Every structure is written in C-alpha cells, then in structure tokens.
Amino acid sequence: MNELTRHGMDQIVTISVFAFIFSIFLIAVIVWALWRAKKTQQLQRRLKLGQEEPLPDRTLSLWHNGQMVTTMVPRLAMDKSLSSRARQRLAAADLYIQPAMAAVALLLVAGAIFALLAVMTNSILAGVAGAAGVFMAAWWIVTSRTEKMAKLFDQQFVEALDLMSRSLRAGHPLSGSIHLISEEIEPPVGTVFLAIYQEQNMGIGLEEAVRNGASTCPQSDMRLFAASATVQMRSGGNLADMMDRLAHVVRERIRIKRRFRVLTAQTQFSKRVLLVMPVLLFLILNIVNPNYTKPLYTTTVGQIMLGVGGSLFVLGIVVMNRLSRIDV
C-alpha cells in the first residue's frame with residue numbers, strides 16, 4: 001500500500017513538473033506573440049483598420065462676432081464591451097497588448113504557481129493562495145502603472161498646451177504645432193500627438209486625426225482638447241487663447257487633485273495599516289507558535305476558514321480602494 005501511494009505521489013510530481021515546464025514554454029511563446037501583436041496594433045492604428053464608426057454628430061450653436069453660428073461636433077465612439085474596457089485599462093497603464101493574450105498569460109502564470117506550490121507544500125490550499133496572489137499582483141501592477149502614467153500625462157499635457165500656444169502665436173499652423181509637440185515632448189503625450197501628425201500626413205483630415213487621437217487616448221484631458229479644437233476650427237477664433245485657457249483648466253484640476261491627496265493622506269495611511277496588520281500578525285503567529293495555527297492547514301474546517309478569511313480580505317481591499325478614490 002505504501003509503495004502504491006509513493007508511486008502515485010511520484011506520478012503527481014512528474015505531471016506537475018511537466019505542467020510547470022510546459023507553462024513556462026507557453027509563457028515565452030505568449031511574450032513573443034504579445035510583442036508581434038503590439039507592432040501589428042500600432043500599424044492598424046495608423047492605417048485606421050478595424051475601428052468603430054463614429055456616432056452621429058452633435059449640433060452646437062455658438063456666438064461668433066455677434067452672430068449665431070451653427071457647427072457640427074462629432075461624437076466619439078464609445079465601446080462599452082468587456083474587451084474594449086480591458087483594452088482601455090491596459091492602454092491607460094501603457095501596456096498595449098491584447099486583453100485575450102494578457103488573460104491567457106496571466107492564467108498560465110497562475111497555473112504554474114499553483115502547480116509549483118501544490119507540489120512543494122503538498123497542499124492545494126497553498127496553490128490556490130499562490131494563484132490568487134498572482135492575480136492580485138497583476139491588478140496592483142496595472143493600477144500603479146495607470147496612476148503613474150496619468151500623473152505623467154497631466155504634467156506633460158500642460159507643457160504641450162503651453163508649447164502649442166507659443167507656436168501658434170509665432171505663426172505656425174496647428175499641424176506644425178502638433179508636429180513640434182511630437183518632437184519636443186516625450187511619451188506618452190509625444191506619442192499621442194505623433195500619431196495625430198502621422199495620420200494627417202497619410203491624408204486624413206486634421207479634425208478627424210485629432211478626434212481619433214482622443215478616442216485612443218485613455219485620458220479625459222485629450223478628449224477635452226479634441227472637442228475644443230474641433231469647435232474652434234469650425235467656428236473660428238483664436239486657437240492660442242483657447243490653448244491657454246485649456247492649460248489653465250488642466251492646471252486647476254491638477255491642483256485640486258493634489259489638494260485632495262493631501263486631505264486624504266491620513267485615510268490612505270490608515271488603509272495601508274489595516275491591510276498590512278492582519279497579514280503581518282498571521283505570519284508572526286505562524287512563526288512563534290506553529291502548533292496553534294496547524295489546525296487551519298490540516299483540518300477541513302480550518303481550510304474553509306482560511307478560504308473565507310482570504311476572500312473577505314480581498315473584498316476589504318476592493319472596498320477600501322473604492323472609498324478612498326476621488327475622481328476629479
């Protein structure tokens with residue numbers, strides 16, 4: 001009986017090791033496919049392949065030189081599908097990869113960690129915890145990169161608007177100002193304006209190129225710029241003054257966001273303490289008195305308690321992040 005049990009365990013270990021190695025191979029293949037998909041997506045974005053049709057235009061009535069002027073402002077196509085939202089979320093984190101490929105890669109990594117921990121600890125619960133840790137780490141990476149890229153975009157966008165205003169006052173056309181921003185401003189803002197300039201060179205109208213650049217950019221400031229520029233180009237007016245006013249609006253929004261960050265600093269610190277304290281106390285208890293926590297791993301009731309506790313911990317993280325987030 002012992003030999004049969006040992007033989008069965010050897011087969012499980014062999015299968016788990018094979019699954020782990022095969023997962024690593026698939027991950028390498030997916031990384032290469034993601035690199036190819038990124039290049040293909042950039043080419044399609046430049047050639048305008050596979051994009052949604054814009055929604056019907058909106059009619060706006062404006063006063064210009066004491067007269068009523070009617071202008072048509074195109075709507076931006078808004079796709080609320082799950083894949084589109086996931087693509088926008090990844091783009092906001094500066095990760096231009098296909099959502100399906102990202103999901104497959106994440107599942108493979110989680111599966112590999114699950115198999116490795118299950119074999120090393122001889123516990124399925126440890127494998128589930130490791131797989132859940134992979135998903136939480138991916139979510140944290142995307143969230144932190146999104147916040148970092150949003151802050152960088154706000155700072156660069158103000159500089160881009162100031163540069164465009166000075167360029168327009170110097171006599172350059174709007175297309176030349178966009179080209180100047182693409183050369184002088186670093187990514188991510190420089191990349192967005194470079195795509196607009198390249199689309200215009202390929203024969204697309206300036207208004208449509210600006211609108212397309214705003215639709216592909218996850219930041220709301222870019223959509224505000226596209227709407228303002230479209231109205232100004234169709235109804236006439238001083239573009240340089242409009243850029244100055246828009247830069248002032250963006251600066252005020254950044255100032256308000258910093259003000260909110262200062263006012264909620266204590267709440268953010270309390271949130272981090274409440275998240276770290278249970279995990280730290282649980283690890284210390286396992287090190288100081290492992291016999292006390294042993295029933296949590298060896299009994300069915302204990303494993304259920306660990307699973308419920310971990311689920312409630314993740315739910316608490318989501319709820320506290322929702323409560324401490326302020327959109328300006």
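Before moving on, here are some points about what is shown:
- Matching entry among Ala110, Ala86, Ala118 (being surrounded by 15 or more Cβ atoms within 10 Å (Cβ to Cβ), more than 29 Å from the chain's Cα centre (by Cα), small (Gly, Ala, Ser) and at pLDDT 75 or above): Ala118
- Pairs linking a residue in segment 306-322 that is under 14 Å from Leu274 (Cα atoms) to a residue that is in a helix (DSSP H, G or I), with Cβ atoms under 6 Å and 6 or more positions apart or on different chains, are Met320/Lys271.
- Filter result for Val301 (among the aliphatic types (A, V, I, L, M), within 28 Å of Arg87 (Cβ to Cβ) and exposed (fewer than 12 other Cβ atoms within 10 Å of the Cβ)): no
- Any helices (runs of 4 or more DSSP H) falling wholly within segment 234-328 and containing at least 1 residues that are modelled with pLDDT of 80 or more and closer than 19 Å to Ala150 by Cα: 239-263
- Ile97 of a type outside the set (Ser, Thr, Tyr), surrounded by fewer than 13 Cβ atoms within 10 Å (Cβ to Cβ) and modelled with pLDDT of 75 or more: no
Residue-wise test of (1) of a type in the set (A, V, I, L, M); (2) at pLDDT below 85; (3) in a helix (DSSP H, G or I).
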| position | (1), (2), (3) |
| --- | --- |
| Ala102 | yes, yes, yes |
| Gly127 | no, yes, yes |
| Val142 | yes, no, yes |
| Phe157 | no, no, yes |
| Leu163 | yes, no, yes |
| Ala195 | yes, no, yes |
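- Unique residue being hydroxyl-bearing (Ser, Thr, Tyr) and in contact with a Leu (Cβ under 6 Å, 6 or more places away or on another chain) when the list is Ser220, Ser235, Ser311: Ser235
- Sole residue being part of a helix (DSSP H, G or I), modelled with pLDDT of 80 or more and surrounded by fewer than 15 Cβ atoms within 10 Å (Cβ to Cβ), chosen from Met149, Met136: Met136
- Pairs meeting the criteria (first residue in segment 205-222 and touching a residue at least 60 places away in the same chain (Cβ under 8 Å) and assigned to a helix (DSSP H, G or I), second residue crowded, with 19+ Cβ neighbours inside 10 Å and among the charged types (D, E, K, R), beta carbons under 7 Å, at least 6 apart or on different chains) are Asn212/Glu199.
The values are calculated or read from the model by the stated rules, or taken from the named source; none is laboratory data. The shown structure was predicted, so the numbers you read here are calculated from the model rather than taken from an experiment. In this analysis, Cβ positions are derived from the backbone assuming ideal geometry, glycine residues included, and neighbour counts consider all displayed protein chains.
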